[in-house]
Amino acid sequence: MATESTGPGAESTTGEEVAPVPEGRCGHVYEASTVTGLGGICCWRETWNGHDRCIWHADVAQKPTRLLESTAPEVGERLDGAVLRDVELSGSEWLAGRTMAGARFVNANLDGADLTGADLRYSHFEGVDAQHATLRGTNLEHAEFDRTDLRGADLSRIRLHYAVFDNVRISESTDFGDGVVYAESIPDSADDDERRRLYEASHWSYNELQQVAEENGLTGAARTYYLARKDVRRREAWAFGSYPRALAREAWRWTTSYGSSPWRVIATSLAVILVCAVLYPLIGQIHGTTPEGTPVKYFFDPSVGVLYNVVVFLQSLYFSTVTFATLGFGDLQPVFIPARVVAGVEALLGQLLMALLVFVLTRNVTWSE
């Protein structure tokens, strides 16, 4: 079985030499002193089939599945640095909950395999068929996925900080859960450094998931992960007192849904037009002329009657719409300074929101392709 780095055949954590590995023992050392919660490990298993390593650490293709199953590590036992090359593991359940940091899965068949709760940090997956595999709750931090098929796999509640996906296949049936596990843990952490780490891990995970979804043409999923990633940054700004940044992200969220919703931009534009239409007759006057050329002043006057005030509002709404769109017909003008200030601000907001609408529509066309 495997022993800690202070056992035979490895260096101790203090750098002192210990007894060499006896003949017939594997002696494979995996130095994991930099991995949180893990130290170095030395394999103490018997060598296999004339090799100088055990069956798990021998770099040999097509190892017998039954022998691997019969010598599988117990739950809680570490078998770091295992090599599984061209191995048939489809439908297997005996790797669930195992600790195999730094394992190498090369051209292995994990179709339907159950690796629930396994610790596979720093592992490497290359050319692996993991369709319909169950990796629920698996720790995959710092893992690398290259040409791996994850279509239909269950990847909910996995830990993905610093994991890298390269040429990975997923499908609509690939389940990444409702959100990354780091984001769910943030409210329970009181330490600022730990909270920063969790926010960064959440951002990294959502970014990787977004890129994988985009590469596989899953635009809906990519959009979901994009919005979740932006929301993490907004929450982080509030949590650590970056109030100007937080307010800017709140504005970006409510006006455009982080640049993803044209309807939010349209609703914001209508709100600006309506608010300004109410303000003009309240804080100043709008002057115009009748078709006969008679000067007219539009301002709210409760003593005149409802119909008059409705006409005033409609005229103000027309002026607000023209000002927002920067059309400048000139048939109505604000009179007093407060009304002129509102008109200037509305014109600037109109140009900004129209530019945002074009940007959001363009992005949505890109997402829909």
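Only one of these is within 17 Å of Arg253 (Cα to Cα) and either modelled with pLDDT under 90 or surrounded by fewer than 17 Cβ atoms within 10 Å (Cβ to Cβ) (or both): Leu352, Leu357. Name it.
Answer to the selection: Leu352.
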Exactly one of Glu214, Glu200 is under 24 Å from Leu135 (Cβ atoms) and open to solvent by 70 Å² or more (accessible area, probe 1.4 Å), and that one is Glu214
Only residues in the stretch 265-283 that are more than 16 Å from Tyr298 (Cα to Cα) count as the first member; pair them with residues that are open to solvent by 60 Å² or more (accessible area, probe 1.4 Å) and among the hydroxyl-bearing types (Ser, Thr, Tyr), Cβ under 6 angstrom, at least 6 apart or cross-chain, and list the lot. Ile273/Thr321
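Go through Thr256, Thr323 for me and flag whichever is buried (at least 18 other Cβ atoms within 10 Å of the Cβ), touching a Cys at 6+ places or on another chain (Cβ under 9 Å), hydroxyl-bearing (Ser, Thr, Tyr) and closer than 23 Å to Val360 by Cα.
So the residue among Thr256, Thr323 that is buried (at least 18 other Cβ atoms within 10 Å of the Cβ), touching a Cys at 6+ places or on another chain (Cβ under 9 Å), hydroxyl-bearing (Ser, Thr, Tyr) and closer than 23 Å to Val360 by Cα is Thr323.
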Looking at (1) open to solvent by 40 Å² or more (accessible area, probe 1.4 Å); (2) not in a loop (DSSP other than H, G, I, E, B), find the lone condition where Leu209 falls short. (1)
Suppose we filter the stretch 80-93 for residues that are in a loop (DSSP other than H, G, I, E, B) and within 31 Å of the chain's Cα centre (by Cα); how many remain? 8
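If I filter the stretch 62-81 for residues that are of a type in the set (A, V, I, L, M, F, W, C), open to solvent by 30 Å² or more (accessible area, probe 1.4 Å), modelled with pLDDT of 90 or more and closer than 23 Å to Gly127 by Cβ, do I get at least one hit?
Scanning the stretch 62-81 turns up at least one residue that is of a type in the set (A, V, I, L, M, F, W, C), open to solvent by 30 Å² or more (accessible area, probe 1.4 Å), modelled with pLDDT of 90 or more and closer than 23 Å to Gly127 by Cβ.
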Selected residue [at negative phi, open to solvent by 20 Å² or more (accessible area, probe 1.4 Å) and modelled with pLDDT of 90 or more] from Ser92, Ser171, Ser185, Ser156: Ser171
Search result, residues across the stretch 273-285 that are open to solvent by less than 30 Å² (accessible area, probe 1.4 Å) and either out of contact with any Asp or Glu (no Cβ under 7 Å at 6 or more places or on another chain) or at pLDDT 95 or above (or both): Ile273, Ala277, Tyr280, Pro281, Gly284
What number goes with the only condition from (1) open to solvent by 20 Å² or more (accessible area, probe 1.4 Å); (2) at pLDDT 90 or above that Asp191 does not pass? (2)
Which members of the stretch 307-344 meet the condition of being among the small types (Gly, Ala, Ser) and in a helix (DSSP H, G or I)? Ser316, Ser320, Ala339, Ala343, Gly344
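The values are calculated or read from the model by the stated rules, or taken from the named source; none is laboratory data. Please read these numbers as outputs of a predicted model, since none were measured by experiment. Because the Cβ atoms are built from the backbone with ideal geometry, glycine has one as well, and the counts that use them run over all protein chains shown. Calculation scope for accessible area: heavy atoms of the full protein, side chains included, ligands and nucleic acids excluded. Shrake-Rupley method; radii C 1.70, N 1.55, O 1.52, S 1.80 Å.
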